[in-house]
Amino acid sequence: MVIGIDASRIAEQNKTGTENYSVNIIRAVLALDKKNRYTLYFNKAPTFFEISHVNVSTKVISAPRFWTQGRLAFECIAHPPDILFVPAHTIPVVRRPSLKTIVTVHDLGAEFLAEYHQFPQKIYLSWSTKYVANYATHIISVSNFTKQELNKTLKVPKSRISVVHEGMDRGLFYPRGKSEIDQVKMKYGIPSQYFIFVGTIQPRKNITRLIEAFSKAKLKNTYLILVGKPGWLTNEIYEAPNKFSISKYIRFLNYIDNEDLAALYSGALGLAFPSLYEGFGLPILEAFACGCPVITSKYGAMAEVAGYAGLLVEPEDTNDIAAALKKICTSSLLREKLTQKGNLRAGDFGWEKAAAETIKVFEKVYSENAK
């Protein structure tokens, strides 16, 4: 079986959710599967991604625009693989009828929180997700929550959806020592204890309410560190520290590399992640793996990922979020218990496990086609 993979997101320099997923799932699948043949399609040559497997070939097919619907589509018509796997949301519209397609859908955020997505991205994301729901041969969902929403909202039969949870890189995300933590704190000007938030700065992450809750908690000598690149509709978020008179205790760090991020997780009182909507919630796992207690929303994929190991809150209730922040800040015993539970919970997820389950999906789709 020849499996073509859209690897275009690997070449992105500052990787966030779907880019990190693409890197890790592709790397893990190639490391595990020596039987099938793979072709990786890039829109530009990647850096820091070595491929040394004899069953893997690469094709760089660059295009300034419309790469998926133009260059990738043409390549799959001219030299079709048996299966095309796309790690994020979309497939070529023009393709051979015989081409089997497998797509990972990370969330339905454009459906549920369309007002929080920029134009024209929200139009394309909504269209592409609906198109995949109707026409992809099979869908990989990163959570049971997203599978349920695909079935309920876009009427995708459950038989066409396989749940494969994400993992995290345990070689990168692990508890860091005090000296490394202190160096990273000094690098970013963090003089005291702190909570950390990780994610794109955008309304669906519920950051304005988090900042308001932090102000209500009235924590002494404690900072809130927000790590993530700017998204959209950010004005209210960036104005919130002044609005709630706590700008002295808020730090926006933009995007930082994963080594520093692991150290910041390791040194934090906890991860504050009361998002309104997530398809998975990878920062929860990263924090668990680094020995960082987690506060997150009691709904959807966040509760699914955190399980028994997180402190779950009502995301629209700033008093509830504030109470959770205060509990973790003032109780070393609670932090210790949550850290132990988080370490156990992190063991339930891994990229090797995700890769094995993804390969099973490839084989299932291929064998059904061969009948």
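The values are calculated or read from the model by the stated rules, or taken from the named source; none is laboratory data. None of these values were measured; they are calculated from a predicted model. Cβ: placed from backbone, ideal geometry, glycine included. Neighbour counts: every protein chain shown.
Between a residue in region 63-81 that is closer than 20 Å to Arg37 by Cα and any residue that is surrounded by fewer than 16 Cβ atoms within 10 Å (Cβ to Cβ) and among the hydroxyl-bearing types (Ser, Thr, Tyr), which pairs come within a Cβ distance under 8 Å, given they are 6 or more apart or on different chains? Here the result reads Pro80/Ser98, each pair linking region 63-81 to a residue that is surrounded by fewer than 16 Cβ atoms within 10 Å (Cβ to Cβ) and among the hydroxyl-bearing types (Ser, Thr, Tyr). Taking the criterion of being in contact with an Asp or Glu (Cβ under 8 Å, 6 or more places away or on another chain) and closer than 29 Å to Arg176 by Cα, the residues of region 323-370 that qualify are Phe349, Trp351, Ala354, Ala355.
Can you say whether Pro191 is assigned by TED's automatic domain parsing to the domain that holds Glu316, more than 20 Å from the chain's Cα centre (by Cα), under 23 Å from Ile328 (Cα atoms) and surrounded by 14 or more Cβ atoms within 10 Å (Cβ to Cβ), as far as the supplied structure shows? Answer is no for this residue. Out of Ala289, Ala346, Ala303, one residue alone is aliphatic (A, V, I, L, M) and more than 22 Å from Leu261 (Cβ to Cβ). It is Ala303. Could you tell me whether region 223-239 includes any residue that is within 27 Å of Ser331 (Cα to Cα), more than 22 Å from the chain's Cα centre (by Cα), in a loop (DSSP other than H, G, I, E, B) and touching a residue at least 24 places away in the same chain (Cβ under 8 Å)? Checked region 223-239: no residue is within 27 Å of Ser331 (Cα to Cα), more than 22 Å from the chain's Cα centre (by Cα), in a loop (DSSP other than H, G, I, E, B) and touching a residue at least 24 places away in the same chain (Cβ under 8 Å). One residue alone among Glu149, Glu166 is surrounded by 19 or more Cβ atoms within 10 Å (Cβ to Cβ), acidic (Asp, Glu) and assigned to a loop (DSSP other than H, G, I, E, B), and that residue is Glu166. What residue, among those in region 55-91 that are of a type in the set (Val, Ile, Thr) and in a loop (DSSP other than H, G, I, E, B), is farthest from Ile359 (Cα to Cα)? Here the answer is Ile61. Number of residues in region 212-222 that are in a helix (DSSP H, G or I) and in contact with a Ser or Thr (Cβ under 8 Å, 6 or more places away or on another chain) equals 4. Out of Thr358, Thr339, which single residue is touching a strand residue (DSSP E or B) at 6+ places or on another chain (Cβ under 9 Å) and crowded, with 19+ Cβ neighbours inside 10 Å? When all the criteria are applied, what remains is Thr358. The listed residues are Ala324, Ala272, Ala263, Ala303, and the only one of them that is among the small types (Gly, Ala, Ser), closer than 13 Å to Phe195 by Cβ and in a helix (DSSP H, G or I) turns out to be Ala324.
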